[in-house]
Amino acid sequence: MPDTLTVTDNRTGKQYELPIDRGTISASDLRQIKVSDDDFGLLSHDPAFSNTASCESAVTYLDGDRGILRYRGYPIEQLAERSTFLEVAYLLVHGELPNKVELTSWINNITHHTMLHEKGKKLMEGFHHNAHPMGMLVSSIGALSTFYSDAKSIDDFDTRMLQVYRLIAKVPTIASYAYRNSLGLPYVYPDNSLSYPGNFLNMMYRMAEPRYEPDPTLERALDVLFILHADHEQNCSTNAMRSVGSSRADPYVSCAGAAAALYGPLHGGANEAVLRMLNEIGSVQNVPKYIERVKAGEMRLMGFGHRVYKNYDPRATIIKNTAYQVFEVTGKNPLIDIALELERIALEDEYFVGRKLYPNVDFYSGIIYEALEFPTQIFTVLFAIPRTAGWVAQWMEMIADEETRIARPRQIYTGADERDFVPLEDR
Ligand code: CMC
């Protein structure tokens, strides 16, 4: 049997053979299905892209039913255990793990682009002391576009790579400046002798000491969290990166668009929302009452559910284990007990079981961030740092893809039919 779909249009009685390629039909093939010559042709309606593949991608594989996540074919569990964030970032961008020479050169390139232009620093000083760090991050990433006019040359591979280095390198610097700005603390310049997460901790926390020495367990835990958040195929922010980038805008403004999408509480903003929720619940005894309110539709259980995962999010399993390693250094965060009880009750409750709602990546990450003394407001920024690697990897793939055209969906028009303008005095 050929891989085709036979469609009968009952309006006309006509039949159409649509090719099926890798379990997918081309939406453009529907256009031939018409009732008359001047008919535009059949459209598919998919408001949140729930069942639409917007691109071909070789970056990340996700099987939501089986709880599988792989970057370039490598299981997330193996990468979290044996790799580093910068190695994973190379893998995402280039498609293969680097050899020693390639890795050294990659790390060198990233660490030598960590500084922010002094005027960029000044720009950040202009933010109000209580500005949300995500607002500062979005604006400051966008502002990078004004410093690097070469970024517009998106057809040149080397120029594209330069922006990739700059973005992966500078986002942690911007993130830490956003934090220090909110406390009125002086900015800390990057220390290029430290690892990527170690330098981030340095820029966040260094005070009067001549050199910041990160705790190796905490540095590694942060690196693992960075690996887990690095990419997640066509999620909301990656779709924004591709959508803005498809107009051939430069990667900085595209990345600012992606970061803006991440800010929302249904996406990267959920980790912040989880912490607020756990604090609101306050104690293990209050959990059943809270679950009842969620089931009554008063609010959502933040950190639960996912558009694609209909099983335990594999990242949540790793994060839960990492939390205990962190607690050995920092002491236990009491919120973990509330989270465990929430998870226990939810996983036994028909409401959550029936809807296949499981803990997602954000459920436990905030508890670790809090143990690492990151303020709640900065949690989504901590998601944005590693996701930048995914955004640029997907952007590089999109630019090189011959199928790429400007993202421009269709609509079903539901507005008024043509009518004549009525002057103000007659309305
Ligand atoms: N708590 C309670 N009920 C929920 C939840 C939740 N967290 N998530 C979904 N539901 C219910 C929802 O009310 C609906 O029930 P019904 O069929 O009775 O109307 C059903 O489950 C399906 O929900 P949906 O809104 O159609 O699912 P979606 O695929 O559009 O939404 C989601 C996915 C992640 C936005 C949603 O599960 C959610 O809001 N979760 C809480 C926020 C969160 O943790 N977000 C982080 C996602 S993972 C990190 C990332 O990728 O950014």
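The values are calculated or read from the model by the stated rules, or taken from the named source; none is laboratory data. Bear in mind the structure is a predicted one, so any value in this text is a computation, not a measurement. Methodologically, a virtual Cβ is constructed for each residue, glycine included, from the backbone with ideal geometry; neighbour enumeration extends over all protein chains shown. Only protein heavy atoms, including side chains, enter the accessible area calculation; ligands, DNA and RNA are left aside. Shrake-Rupley method; radii C 1.70, N 1.55, O 1.52, S 1.80 Å.
From the list Thr12, Thr104, Thr114, pick out the single residue that is in contact with a Lys or Arg (Cβ under 7 Å, 6 or more places away or on another chain), polar (S, T, N, Q), more than 27 Å from Glu402 (Cα to Cα) and at pLDDT 95 or above.
Within the list Thr12, Thr104, Thr114, the selection yields Thr114.
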Problem set entry | Odd one out for Val244 among (1) within 15 Å of the ligand (Cβ to nearest atom); (2) under 30 Å from Asp150 (Cα atoms) | (1)
Problem set entry | Residue check, Tyr179 of a type in the set (Phe, Trp, Tyr) and either open to solvent by less than 70 Å² (accessible area, probe 1.4 Å) or not in a loop (DSSP other than H, G, I, E, B) (or both) | yes
Problem set entry | Exclusive hit being away from the ligand (no atom under 16 Å from the Cβ) and either under 20 Å from the mean Cα position of the chain (by Cα) or of a type in the set (A, V, I, L, M, F, W, C) (or both), set Ala256, Ala273 | Ala256
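Can you pull out every residue in segment 82-102 that is of a type outside the set (A, V, I, L, M) and closer than 17 Å to Leu225 by Cβ?
Taking segment 82-102 as the starting set, the residues that turn out to be of a type outside the set (A, V, I, L, M) are 82-85, 87, 90, 94-96, 98-100, 102.
Within segment 82-102, Arg82, Ser83, Thr84, Phe85, Glu87 qualify.
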Exercise. Any idea which of (1) outside any strand (DSSP E or B); (2) away from the ligand (no atom under 16 Å from the Cβ); (3) at pLDDT 95 or above is the one Phe40 doesn't satisfy?
Worked result: (3)
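Can you confirm whether segment 224-242 contains a residue that is closer than 23 Å to Leu162 by Cβ, in contact with an Asp or Glu (Cβ under 8 Å, 6 or more places away or on another chain) and open to solvent by less than 20 Å² (accessible area, probe 1.4 Å)? Working first, answer last.
Here is the first cut: in segment 224-242, the ones closer than 23 Å to Leu162 by Cβ are 226, 230-231, 237-238, 240-242.
With the extra rule that they be in contact with an Asp or Glu (Cβ under 8 Å, 6 or more places away or on another chain), the set shrinks to 238.
Filter once more, so that each one left must be open to solvent by less than 20 Å² (accessible area, probe 1.4 Å): 238.
Checking segment 224-242: at least one residue is closer than 23 Å to Leu162 by Cβ, in contact with an Asp or Glu (Cβ under 8 Å, 6 or more places away or on another chain) and open to solvent by less than 20 Å² (accessible area, probe 1.4 Å).
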Exercise. Does any residue in segment 299-311 that is at pLDDT 90 or above and among the hydrophobic types (A, V, I, L, M, F, W, C) come within less than 9 Å, Cβ to Cβ, of a residue that is open to solvent by 20 Å² or more (accessible area, probe 1.4 Å) and within 8 Å of the ligand (Cβ to nearest atom) six or more places away or on a different chain, and which pairs are these?
Worked result: Leu301/Leu357; Met302/Pro265; Met302/Ala273; Phe304/Leu357
For this session: State which residue pairs qualify: first residue free of Cβ contacts under 8 Å to residues at least 12 places away in the same chain and inside segment 26-55, second residue within 16 Å of the ligand (Cβ to nearest atom) and outside any helix (DSSP H, G or I) in any location, beta carbons under 6 Å apart, and separation of 6 or more residues or different chains.
Result: Asp46/Thr52
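In contact (Cβ under 8 Å) with a residue 40 or more places away in the chain, of a type in the set (A, V, I, L, M) and open to solvent by 10 Å² or more (accessible area, probe 1.4 Å): is that true of Ala400 in this structure?
Values: in contact (Cβ under 8 Å) with a residue 40 or more places away in the chain: no; of a type in the set (A, V, I, L, M): yes; open to solvent by 10 Å² or more (accessible area, probe 1.4 Å): yes.
No: the conditions fail for Ala400.
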Exercise. Inside segment 224-279, can you point out the residues that are at pLDDT 95 or above, under 30 Å from Asn333 (Cα atoms) and among the charged types (D, E, K, R)?
Worked result: Asp231
For this session: Go through (1) of a type outside the set (A, V, I, L, M); (2) part of a loop (DSSP other than H, G, I, E, B); (3) within 15 Å of the ligand (Cβ to nearest atom) one by one and return the number of the condition Thr404 breaks.
Result: (3)
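Yes/no per residue for (1) in contact (Cβ under 8 Å) with a residue 12 or more places away in the chain; (2) open to solvent by 60 Å² or more (accessible area, probe 1.4 Å):
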position	(1), (2)
Leu340	no, no
Ile345	yes, no
Glu350	no, yes
Arg355	yes, yes
Phe383	yes, no
Arg410	yes, yes
Problem set entry | Residue ID - nearest to the chain's Cα centre (by Cα), chosen from residues in segment 412-425 that are among the hydrophobic types (A, V, I, L, M, F, W, C) and open to solvent by 70 Å² or more (accessible area, probe 1.4 Å) | Ile412
For this session: Report whether or not Ile319 is open to solvent by less than 10 Å² (accessible area, probe 1.4 Å) and modelled with pLDDT of 95 or more.
Result: no
Exercise. If Ser237 satisfies every condition in (1) within 14 Å of the ligand (Cβ to nearest atom); (2) among the small types (Gly, Ala, Ser); (3) assigned to a loop (DSSP other than H, G, I, E, B); (4) touching a Gly at 6+ places or on another chain (Cβ under 9 Å) but one, which is the exception?
Worked result: (3)
